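Engineer: Submitted below is the structure of interest, expressed as structure tokens.
Nothing in this text is a laboratory measurement; each read-out follows from the coordinates by a stated rule. It should be emphasised that the depicted structure is a prediction, and the values quoted were computed from it without experimental measurement. Note that we place each Cβ from the backbone using ideal geometry, even for glycine, and neighbour counts take in every protein chain shown.
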Amino acid sequence: MSTQERLIETTRELLWERGYVGTSPKAILERAGAGQGSMYHHFKGKPDLALTAIRRTAEEIRATAQGVLAGPGTPYERIEGYLRRERDVLRGCPIGRLTMDPDVIASDDLRAPVDETLDWLREQLAVIVEEGKEQGGFAQSLDAEEIAATILATLQGGYVLAGASGSPAAFDAGVRGLLSLLRPAH
């Protein structure tokens, strides 16, 4: 792996573990095993490197979600697959984590890939809910955009509750509860 790749991957990990504020250039360089000038050779500084790392994480999250959401199955089964897919619940969501970071939220550049990813997920989920309504799998009274927002809120809230309790049980309970509300009647 090139030095530039090590810097990006290390920054992705540190942002997930510590957030932007807690990720110092020194920590990035030490963990990446890179020399002092490496970051500035490849990037304009910490904000530029962080933006590259956040964009890559956002792309990965979208690709993983797309793989499940665009896969086979009924709309309910695809949403269920997305909610139940393998994830490191106790570490939380690497994008959701950044929404609680004041420096990320204060920066239009750093916040953009976070907002874009969450908006994209809501849109994809809303399309699937709408598809489920058209096929008769979901109640016609459901508002697709509200259900999509509820799915994201359940996931992100589940990560927070799991982290607070030190157990994935709260996350799993939230997913089961949401799925029972969405489960087709027939």
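Engineer: Please give the contour-minus-distance gain from D119 to S2: 0.36 nm per residue of separation, less the Cα-Cα distance, rounded to one decimal in nm.
Structural biologist: 38.9 nm
Engineer: Sticking with this one: Run the simple label-point estimate for R176 and Q36 please: 7 Å along Cα→C-beta, distance reported in nm.
Structural biologist: Placing both labels 7 Å along Cα→Cβ, they lie 5.6 nm apart.
Engineer: Could you go through the stretch 150-165 in sequence order and give the Karplus-derived ³J(HN,Hα) for each residue, using 6.51 cos²θ - 1.76 cosθ + 1.60 with θ = phi - 60°, rounded to whole Hz, and x for Gly and Pro?
Structural biologist: 5, 4, 5, 5, 5, 4, 5, x, x, 4, 5, 5, 5, x, 5, 8
Engineer: Using Cα atoms only, what is the angle between the long axis of helix 75-84 and the major principal axis of the chain, expressed in degrees (0 to 90) to the nearest 10?
Structural biologist: 40
Engineer: Quote the charge dipole size of the stretch 1-72 about the Cα centre in Debye, to the nearest 20; the model charges only the Cβ of Lys and Arg (+1) and of Asp and Glu (-1).
Structural biologist: Working: 10 positive and 8 negative charges, 35 e Å.
Result for the stretch 1-72 is approximately 160 debye, rounded to the nearest 20.
Engineer: Using the Karplus curve 6.51 cos²θ - 1.76 cosθ + 1.60 with θ = phi - 60°, what ³J(HN,Hα) values do you get for each residue of the stretch 45-55, in whole Hz, with x for Gly and Pro?
Structural biologist: x, 4, x, 5, 5, 4, 4, 4, 5, 5, 4
Engineer: Another question about this same structure. If we restrict to alpha carbons, what Rg and Dmax does the stretch 70-141 come to, in Å?
Structural biologist: Taking only Cα atoms of the stretch 70-141, I get Rg and Dmax of 15.4, 45 Å.
Engineer: So what is the orientation-averaged projected area of the stretch 54-186, using the convex hull of its C-alpha atoms, in nm²? Mind showing how you got there, number by number?
Structural biologist: Numbers: hull surface 32.2 nm².
Projected area, direction-averaged: 8.1 nm².
Engineer: Residues of the stretch 75-115 with the amide nitrogen closer than 18 Å to a label point 7 Å from the Cα of A169, along Cα-to-Cβ, please.
Structural biologist: The answer is 89-91.
Engineer: If R₀ is 41 angstrom, what is the calculated FRET efficiency for the pair E131 and S107, using the beta carbon separation as r and rounding to 0.05? Show your work: numbers first, answer last.
Structural biologist: Values: r = 36 Å, r/R0 = 0.87.
E(calc), rounded to 0.05, equals 0.70.
Engineer: Taking the Cα of E59, stepping 7 Å toward and past its beta carbon, and measuring to each backbone N in the stretch 95-123: which are under 19 Å?
Structural biologist: Residues 95-96, 109-121 qualify, since their backbone N sits under 19 Å from the label point.
Engineer: In addition: Thinking of the stretch 1-97 as a set of Cα atoms, what percent of all their pairs are more than 18 Å apart?
Structural biologist: Numbers: 2401 of 4656 pairs.
Counting pairs separated by more than 18 Å, the tail of P(r) holds 52 percent.
Engineer: Still on this model: Considering the options G35, A63, L179, tell which one lies farthest towards the positive end of the dipole of the chain, charges being +1 on Lys and Arg and -1 on Asp and Glu at the Cβ, about the Cα centre.
Structural biologist: Checked the options; the winner is G35.
Engineer: Still on this model: Determine the dipole magnitude for the chain: charges of +1 sit on the beta-carbon of Lys and Arg, -1 on that of Asp and Glu, nothing else is charged, the reference point is the Cα centre, and the result goes in debye to the nearest 20.
Structural biologist: Around 600 debye, computed over the chain.
Engineer: Sort largest first and round to whole Å: the equivalent ellipsoid semi-axes of the stretch 31-80, each the square root of five times a Cα gyration tensor eigenvalue.
Structural biologist: Those come to 38, 10, 7 Å.
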